[in-house]
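Take a look at the structure set out below.
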Amino acid sequence: MQPDRKYILPAGCPQPVSYYSHGIHLGNQLYSAGQTSRDPSGQLIGVGDAEIQATQAFHNLELVLAEANMHFSDVVRLNIFLKSRTDLPTILNVMKKNFKDHKPALTIAEVRGLAYREYLLEVEAIAVQD
């Protein structure tokens, strides 16, 4: 492990369900894993509800950023993977509530499936602190 590399496992985020870290803080950069709608106990919340799932996923991303002393305004790249594009307006509304006027580079991809059938979306980010 490099001396300036920190594995991010913030309090308030669910424990990883497999072999990964919620994020890696490397110098002034943070690379997050895909965040989903699992609550701190690891339970999936909002089954079938894109707004509830997006709210939890972005909350989990916020915890990952905070662990690296970063904020949504430090995010330079955001990827959103969603199972149905009909959920896109709802997910983008939740995103806008968190990012406010900040507009990171954004990729949105509709995917056939995610790690668990009940997941409607997953969000991952790259953040850079000046």
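The values are calculated or read from the model by the stated rules, or taken from the named source; none is laboratory data. Values in this document were obtained by computation on a predicted structure and should not be read as measured data. Positions of Cβ are generated from backbone atoms using ideal geometry, with glycine treated the same way; all protein chains shown enter the neighbour counts. Ligands, DNA and RNA are excluded from the accessible area calculation, which covers all protein heavy atoms including side chains. Shrake-Rupley method; radii C 1.70, N 1.55, O 1.52, S 1.80 Å.
Couple of notes before you dig in:
- Free of any trypsin sites (Lys or Arg not before Pro) that DSSP assigns to a loop and that have at most 12 other C-beta atoms within 10 Å, the longest stretch within the chain is 1-99.
- Principal-axis tilt of helix 88-99 within the chain, Cα atoms, nearest 10 degrees: 30
- More than 17 angstrom apart: percent of Cα pairs within region 42-114: 44
- Unit charges at the beta carbon, dipole of region 84-130: most positive-side option, ILE126, ASN93, ALA105: ASN93
- Exposed loop sites here mean chymotrypsin sites (Phe, Trp or Tyr not before Pro) with a DSSP loop assignment and at most 16 other beta-carbon atoms within 10 Å; the chain contains its longest site-free run at 21-115.
- The overall shape of the chain, judged from the alpha-carbon gyration tensor, is oblate: a/c is not under 1.5, and a/b is no greater than b/c.
- Heavy-atom accessible area per residue - region 39-130, 1.4 Å, Å²: 56
- Net lengthening on full extension, VAL17/LEU44 (0.36 nm per residue, minus Cα-Cα): 8.6 nm
- Protein accessible area in region 1-121, 1.4 Å probe - carbon and sulfur %: 52
- On full extension, the segment bounded by ILE52 and THR86 gains 10.7 nm, given 0.36 nm per residue less the C-alpha separation.
- Rg/Rg_ref, region 82-128, where Rg_ref = 2.2 N^0.38 Å and atoms are Cα: 1.22
- Under-5 Å amide H pairs with GLY23, H placed in peptide plane, nonlocal only: ILE8, ALA33
- Nearest-ten-degree value, helix 50-67 long axis tilted from longest Cα axis of the chain: 0
- Relative contact order for the chain, counting Cα pairs under 8 Å that sit 6 or more residues apart, in percent: 30
- In this rough spin-label picture, where each label sits 7 Å from Cα along the Cβ direction, the ALA115-LYS96 distance is 3.0 nm.
- Alpha-carbon centroids, region 53-130 and region 11-26: separation in whole Å: 16
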